[in-house]
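What follows is a set of notes on a single structure, which appears directly below.
The values are calculated or read from the model by the stated rules, or taken from the named source; none is laboratory data. This structure is a prediction, so every number in the text was calculated from the model and none was measured. Glycine also receives a Cβ, built like all others from the backbone with ideal geometry; neighbour counts cover every protein chain displayed. All accessible areas refer to the heavy atoms of the entire protein, side chains included, with ligands and DNA or RNA removed. Shrake-Rupley method; radii C 1.70, N 1.55, O 1.52, S 1.80 Å.
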Amino acid sequence: MVFKNNKNIKRTTVYMCFSSDFIHNGHIEIIKKAAELGTLTIGVLSDEAVASYKRFPLVPFSERKVIYENISGVDRVIEQKTLSYRDVLRELRPDIVVHGDDWQSGFQKPIRDEVACVLAEYGGRLVEFPYTLNEGFEKIEKRARMNLGTPDVRRGRLKKLIDMKGCVTAIEAHSGITGLIAENTTVLQDGKTYQFDAMWVSSLCDSTAKGKPDIELVDMTSRFRTIDDIMEVTTKPIIFDGDTGGLTEHFVYTVKSLERMGVSMVIIEDKTGLKKNSLFGTEVQQTQDSIDNFCEKIRAGKRAQKTKDFMICARIESLILERGMEDALERAFAFSKAGADAIMIHSRKKEPDEIFEFVEKFRIENTSTPIVVVPTSFNTVTEQEFKERGVNVVIYANQLTRSGFPAMQNVAKTILTNHRAKEADDMCMSIKEIINLIPEE
Ligand code: SPV
Ligand code: MG
């Protein structure tokens with residue numbers, strides 16, 4: 001008997017998810033096998049999910065989607081917005097989920113376990129095929145990472161990330177090793193992966209690492225050396241703390257050098273004369289620059305840069321120096337008019353109220369210039385709340401230095417107290433761990 005109308009025959013439905021921006025024969029093989037099991041839907045991980053899971057995608061979602069749509073055996077392609085399959089599976093209820101068996105251990109194991117639980121809710125099945133390591137693919141992946149670290153590619157990525165995510169995070173780095181922490185630390189929570197988006201080369205931490213006060217004493221050549229150490233081992237965008245920017249005549253050279261190196265943003269603060277750290281507030285003598293002078297510095301910096309990607313952020317110290325909200329806002333509008341690509345508003349109050357008030361009032365007149373905050377004092381606010389209020393960059397400016405230093409001091413004291421190192425051993429990484437921490441190429 002021939003079925004003329006087979007609309008009512010339900011085919012087995014199959015689901016797979018991909019994050020890769022390159023396709024190799026291993027992918028094609030597993031897609032072929034999955035398609036043999038039923039009607040195959042491919043989930044392509046969104047750009048934001050890929051960026052926070054492994055690295056910034058070199059091929060955007062729209063193009064990755066087209067690639068998968070054109071592979072034979074694929075029925076349709078959808079966007080999967082998180083590393084977690086939960087929402088997609090509850091919506092599509094595929095009979096089968098296909099994956100390589102490599103996720104049975106390691107970072108993706110919780111994702112796999114969740115898939116198994118959700119499938120169990122409605123009687124779905126997990127089919128795993130042996131994972132094949134593809135050396136060619138590994139090489140391409142390595143090259144992609146190297147590409148992300150080159151000056152032109154790295155520089156432009158901060159702007160792209162702000163556009164993509166609305167609000168990005170940066171953590172301080174003052175050496176190769178702190179750069180690696182900023183680069184590689186990943187947390188998997190509720191089916192989502194979290195990483196820092198960028199690095200902050202803080203004047204406070206760069207100076208502290210060199211045992212010097214944060215008063216623009218560490219010269220630019222030395223600060224650039226720190227950037228270079230970090231850049232050599234990382235790929236994430238860099239935001240540079242340019243202090244006051246120095247003399248306008250000097251600042252233009254700083255802009256050119258930073259841009260050439262592949263730094264994404266320099267933040268300069270509207271102070272003049274001997275700069276002290278902002279967290280001293282009014283306890284020390286600090287002088288705010290005039291609006292006119294600082295606008296001229298911004299304009300000169302913008303004229304000096306060569307690319308569209310490099311950003312100059314104007315940092316306003318009015319709240320730190322207790323000059324009032326009106327002064328802070330007047331400066332913010334003047335500085336953005338002078339060409340500043342972003343505005344940083346700083347405060348040393350524990351309560352975030354004055355920061356929130358500033359953001360709200362600034363956003364009434366200016367909805368597009370990114371706002372940067374450094375919540376060292378007002379540290380109870382979550383990134384989500386900052387984002388909802390209109391903040392675009394959240395910088396964790398000094399936490400690695402503040403945590404590393406006491407840990408080292410404690411070990412030094414323990415050795416001195418015991419006249420040997422045994423008692424300090426539990427406070428230390430093992431020799432094996434430290435040797436393997438940084439793999440040789
Ligand atoms: C830095 O990290 O050097 C800064 C931020 O400029 S703050 O220390 O809060 O002034
Ligand atoms: Mg600083």
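Note down the magnitude of the dipole of the chain about its Cα centre, charges +1 on Lys and Arg C-beta and -1 on Asp and Glu C-beta and zero elsewhere, to the nearest 20 debye. If you can, show how the numbers build up before the last one.
Values: 61 positive and 66 negative charges, 202 e Å.
Taking the Cα centre of the chain as origin, the dipole is about 960 debye.
Out of all DSSP beta bridges with both ends in the chain, state the antiparallel percent to the nearest 5.
Values: 5 of 50 bridges.
About 10 percent, rounded to the nearest 5.
Compute, for the range 149-397, the length of the dipole vector about the Cα centre, with Cβ point charges of +1 (Lys, Arg) and -1 (Asp, Glu) only. Units Debye, rounded to 20.
740
Going by average Cβ density within 10 Å per residue, which order do the peptides 49-56, 314-321, 66-73 take, highest to lowest? Walk me through the numbers before you get to the answer.
Values: 49-56: 21.2, 314-321: 24.5, 66-73: 13.9.
In descending order of packing, they fall as 314-321, 49-56, 66-73.
Once the whole set of protein chains is in place, how much accessible area is left on C205, using a 1.4 Å probe, in Å² to the nearest 10?
Accessible area of C205: about 0 Å².
For a quick check, take a GNM of the chain with Cα springs below 10 Å and name the residue from P130, P151, P94 with the largest mean-square fluctuation.
Largest GNM mean-square fluctuation: P130.
In the range 149-397, what % of DSSP beta bridges are antiparallel (nearest 5)? Let's see the in-between values first.
Numbers: 5 of 31 bridges.
Given both bridge residues lie in the range 149-397, the antiparallel proportion sits at roughly 15 percent.
Of K306/K387; K276/K308; K160/K337; K10/K192; K65/K160, which sit over 25 Å apart, Cα to Cα?
Numbers: K306/K387 30 Å; K276/K308 32 Å; K160/K337 22 Å; K10/K192 33 Å; K65/K160 19 Å.
Violating the 25 Å limit, Cα to Cα: K306/K387; K276/K308; K10/K192.
Write down the accessible area per residue of the chain in Å², having rolled a 1.4 Å probe over the full set of protein chains.
Working: 22480 Å² over 441 residues.
Spelled out: the 1.4 Å probe surface of the chain, per residue, equals 51 Å².
To the nearest 0.05, how large is the calculated FRET efficiency for A116 and E232 if R₀ is 56 Å and r is the Cβ-Cβ distance? Please report the intermediate quantities before stating the final value.
On the way: r = 41 Å, r/R0 = 0.74.
Calculated transfer efficiency: 0.85.
Taking the Cα centre of the range 198-257 as origin, sum charge times position over the Cβ atoms of Lys and Arg (+1) and Asp and Glu (-1), and report the length of that vector in debye to the nearest 20.
Details: 6 positive and 10 negative charges, 23 e Å.
Value, rounded to 20: 100 debye.
Could you tell me the accessible area of R402 in Å² (1.4 Å probe, neighbours in place), rounded to the nearest ten?
Number for this one is 140 Å².
With the cut-off at 1.5 for a/c, could you classify the chain from its C-alpha gyration tensor as rounded, prolate or oblate? Please report the intermediate quantities before stating the final value.
Numbers: a/c = 2.23, a/b = 1.68, b/c = 1.33.
Cα axes put the chain in the prolate bin.
List the residues whose amide H sits under 5 Å from the amide H of L126, counting only those 5 or more places along or on another chain, with H placed 1.01 Å from N in the peptide plane.
V97
Using Cα springs under 10 Å in a Gaussian network model of the chain, which residue among G124, G301, G211 shows the largest mean-square fluctuation?
In this elastic network of the chain, the residue with the biggest mean-square fluctuation among G124, G301, G211 is G211.
Please check: in the Gaussian network model of the chain (C-alpha springs, under 10 Å), which one of I23, I431, I140 has the largest mean-square fluctuation.
I431
At E322 and D353, where each label point lies 7 Å from the Cα along Cα→Cβ, what is the point-to-point distance in nanometres?
For E322 paired with D353, the spin-label model returns 1.6 nm.
At a Förster radius of 45 Å, what calculated FRET efficiency corresponds to the Cβ-Cβ distance of C428 and S290, to the nearest 0.05? Before the final figure, lay out each step's value.
Values: r = 51 Å, r/R0 = 1.14.
For C428 and S290, the calculated efficiency is 0.30.
Would you work out which of A304, G136, I355 lies farthest towards the positive end of the dipole of the chain, given +1 charges on the beta-carbon of Lys and Arg and -1 on that of Asp and Glu, about the Cα centre?
Ranked along the dipole, the leading option is G136.
Given a 1.4 angstrom probe, I'd like the percentage of the accessible area of the chain that is carbon and sulfur, rounded to a whole number.
Values: 11830 of 22480 Å².
It is 53 percent, rounded to a whole number.
With the contact rule set at Cα under 8 Å and sequence spacing of 6 or more, what percent relative contact order holds for the chain?
On the way: 716 pairs, mean separation 50.4, N = 441.
Relative contact order, the chain: 11 percent.
Can you give the calculated 222 nm mean residue ellipticity of the chain, where each DSSP H run of n ≥ 4 adds -39,500 (n - 2.57) and the sum is split over every residue, rounded to the nearest 500 deg cm²/dmol? Please report the intermediate quantities before stating the final value.
Numbers: 17 runs with 197 residues, N = 441.
About -13500 deg cm²/dmol.
How large is log10 I(q)/I(0) at q = 0.10, 0.13, 0.19 Å⁻¹ when the Debye formula is applied to the Cα atoms of the range 177-308, each weighted equally and without solvent?
Once normalised to I(0) and log-transformed, intensities are -0.37, -0.61, -1.13.
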